[in-house]
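Notes follow the structure.
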Amino acid sequence: MWTARGWLGDDDFVMYLGDNFLLGGITEQTERFRAPRPDAQIMLTRVPDPRAFGVAETDAAGRVVGLEEKPEFPKSDLALVGVYFFTPAVHEAVDHVRPSARGELEITDTIQWLIDEGRRVESSIVTDYWKDTGNATDMLEVNRSVLDRLEYRVEGAVDERSELVGRVVVEPGARVVRSRIVGWATTARSRYAREAGGGGVVAAG
């Protein structure tokens, strides 16, 4: 945030950590943030062992009253998902936060400063699939989870000489000609697949 401050200006913004995968996107949470416009809104999910995560403590209304980074004795099972909605008030918080023992400006410390100053920090609970992809195994798990949710759907053009087998998606504007595509597979929007074969294709053409 500090390095992007000049670009962000006085706009509200979303900080979405790139190693987090959240099925279904954040449209609902974005609309929820826009209406009451708290100083910050964080996304949380319940985990069996929160000690490996930033952990939030909330009141009965969902307002955040405290945050801890990877606590030994967590006060809740609510882990930070890695998607944060902020107003420009967060820039003042960044100015007051000092590097942690790891030598980093921690997002938990930044949000905790807002809480300590009486600023309004709200939360929303994620119940759909979420994964913090810290390694290659995590990425493979996410990939399989996405593929498992694919459903057969043809919205593009498939000629009579082609065969689609299994969970195959042909998006609008895509053309499949003289091909055999085996799911899981997606022929991306406006792509042209000719004499293609095999599976696991994300954008054949």
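Restricting region 40-90 to trypsin sites (Lys or Arg not before Pro) that sit in a DSSP loop and have at most 16 other Cβ atoms within 10 Å of their own Cβ leaves 75. Listed values [x] 8, 31, 35, 18, 7, 1, 0; [y] 9, 35, 40, 15, 1; [z] 8, 27, 25, 17, 15, 7, 1 include one computed from this model; for P(r) over Cα pairs in 10 Å bins from 0, in percent that value carries the label [z].
Using just its DSSP H runs of length 4 or more, each adding -39500 (n - 2.57), the chain gives a mean residue ellipticity at 222 nm of -6000 deg cm²/dmol after division by all residues. Restricting region 24-110 to GluC sites (Glu not before Pro) that sit in a DSSP loop and have at most 15 other Cβ atoms within 10 Å of their own Cβ leaves 72, 104.
Neighbours of residue 106 by Cβ distance under 15 Å: Lys/Arg scored +1, Asp/Glu scored -1, total -3.
Counted over the chain, the DSSP beta bridges are approximately 50% antiparallel. Taken about its Cα centre, the chain carries a charge dipole of about 960 debye when Lys and Arg each add +1 at the Cβ and Asp and Glu each add -1 at the Cβ.
Computed from the coordinates by the stated procedures, all read-outs in this text should not be read as laboratory data. Note that the structure is predicted; figures quoted are calculated from it, not measured. Every residue, glycine among them, receives a Cβ derived from its backbone with ideal geometry; neighbour counts consider all protein chains shown.
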